[in-house]
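Here is the structure we will look at, set down as structure tokens.
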Amino acid sequence: MLVRYKKANEKIAMGLLSYMPGEKTVKKLQELIQQYETDDRWQLYLLKKEDDFIGLVGVEMGEDDYTLQHLSVNPSFRSEGIGKEMVKKLQALFPGKECLGTEETESFIQKCKETEEGAD
Ligand SMILES: CC(C)(COP(=O)(O)OP(=O)(O)OC[C@H]1O[C@@H](n2cnc3c(N)ncnc32)[C@H](O)[C@@H]1OP(=O)(O)O)[C@@H](O)C(=O)NCCC(=O)NCCS
């Protein structure tokens, strides 16, 4: 289940965000969280399985699309289809909107598309 980020989940969200590639100092992570908290166009969600938050997904909303800014899965739960599941849940959350990628997320979005095509 995708749940919208709340301040009470700040530490777990920062931990999951830190898995994104590139330099992620505590200051940088706090700035990212701040962006999600203050800018309505930026929306952050956590994936809850049983009682644990094991994934994070963050998007920047546009008019007819949204950009996948951040996506990460707790390393203990990788390669179980959770990343793809989150991308799919986003599409269900924002029907009719196109999912765009960044330098960091584009290749995984492509991977998801290939998997969907393969399933047809
Ligand atoms: C990227 C990430 C979210 C994938 O989560 P996951 O739950 O392991 O993904 P899934 O199980 O749904 O899919 C795994 C498949 O995606 C592939 N994959 C993983 N990272 C990828 C990437 N950055 N680009 C393209 N494919 C990728 C895996 O090789 C695997 O391929 P296979 O099915 O052919 O074996 C996870 O590896 C992660 O948190 N990485 C650190 C954060 C990160 O790099 N984010 C930026 C990329 S979105």
Output the number of residues of the range 38-86 satisfying the condition of being surrounded by fewer than 15 Cβ atoms within 10 Å (Cβ to Cβ) and in a loop (DSSP other than H, G, I, E, B). 12
Going through GLY96, GLY22 one at a time, which residue ends up being away from the ligand (no atom under 13 Å from the Cβ) and at positive phi? GLY96
Keeping to the range 87-120, report how many residues are of a type in the set (Gly, Ala, Ser) and assigned to a loop (DSSP other than H, G, I, E, B). 2
Would the range 1-8 turn up any residue that is β-branched (Val, Ile, Thr), crowded, with 19+ Cβ neighbours inside 10 Å and either within 9 Å of the ligand (Cβ to nearest atom) or assigned to a strand (DSSP E or B) (or both)? no
Go through the residues of the range 38-56 one by one and say whether even a single one is more than 12 Å from the chain's Cα centre (by Cα) and near the ligand (Cβ under 9 Å from one of its atoms). no
Of the residues in the range 9-37, those that are surrounded by fewer than 10 Cβ atoms within 10 Å (Cβ to Cβ) and either in contact (Cβ under 8 Å) with a residue 40 or more places away in the chain or part of a helix (DSSP H, G or I) (or both) come to LYS11, PRO21, GLY22, VAL26, LYS27
Name the pairs: first residue in the range 67-86 and over 14 Å from ALA13 (Cβ atoms), second residue near the ligand (Cβ under 7 Å from one of its atoms) and part of a loop (DSSP other than H, G, I, E, B), Cβ to Cβ under 6 Å, at least 6 apart or on different chains? LEU68/THR105
What are the residue pairs meeting all of these: first residue in the range 95-112, first residue within 13 Å of VAL59 (Cβ to Cβ), second residue more than 7 Å from the ligand (Cβ to nearest atom) and among the small types (Gly, Ala, Ser), Cβ atoms under 7 Å, and 6 or more apart or on different chains? ILE109/GLY101
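FYI, it's all coordinate maths here, none of it is from the lab. Note that the structure is a prediction, hence the values are computed from the model and not measured. Note: ideal-geometry Cβ built from the backbone for every residue, glycine included; neighbour counts use all protein chains shown.
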